[in-house]
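Visitor: Pasting a structure here, questions to come.
No value in this document is a laboratory result; all are computed from the given coordinates. What you see is a predicted model; the values in this text were computed from it and never measured. Every residue, glycine among them, receives a Cβ derived from its backbone with ideal geometry; neighbour counts consider all protein chains shown.
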Amino acid sequence: EAGKVTSDELVDLAGRILGGHASIEEAGAITREFVFPLAVPVRVPDIDASTHQSVSDTITITLRDDPLPPSDKQSEASTPSGAGASQDAAAAVGVQTWGAAIVVSDVLVRYPSLFHPTLGLRTETPLRIAELGAGTGLLGMVAARLLQQRDTPAEVVLTDYHLQVLRNLEHNVQENR
């Protein structure tokens, strides 16, 4: 119908607005540095920070967020059933750092025992942590650094499914070793 805007056009427009009116391809990947704990703390209701062991050193993680694919791009995963578009959409959400990952990372650094009692203590017992659907890997890398600061032996595994997300995740892990 004349005058109707498609959902793809709306997504593309929103992306251009967020990208400062540049096309998504022109925006390219961005690199950001996250330092925890955050300067402005994430408050957890009914939790007294003094009852939880906090880290003495800051945790710094540098991440690359890959650009989102343009909404009008023909999917490399296109199939007659149309599954390619959903694959592209799922991959797109994994190449950007979610605000929730930033908030949860701050809470983890400030209140590690909220996640597991062992995280709030120094222990010789090796821990095994898996982050499923890690995306850019922020939360898993913050957990690894936190345990490293506490001299707690640990194996931290970051996982995802989509090739573009895995490439970006591998880059981020290498940058933060």
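Visitor: Report the label-to-label distance for T60 and F115 in nanometres (one decimal), using points 7 Å from each Cα along the Cα→Cβ vector.
Guide: 2.1
Visitor: What spacing in nm lies between the two simple spin-label points modelled at R128 and E170, each 7 Å away from Cα in the Cβ direction?
Guide: 2.4
Visitor: Checking the a/c ratio against 1.5 first, then a/b against b/c, what shape does the Cα gyration tensor give for segment 106-177?
Guide: The shape class here is prolate.
Visitor: Moving to a separate point now. Efficiency by 1/(1 + (r/R0)^6): what FRET value for I30 and V93, r their Cβ-Cβ distance, R0 = 22 Å, to the nearest 0.05? Please report the intermediate quantities before stating the final value.
Guide: Details: r = 16 Å, r/R0 = 0.73.
Computed FRET efficiency for I30 and V93 comes out at 0.85.
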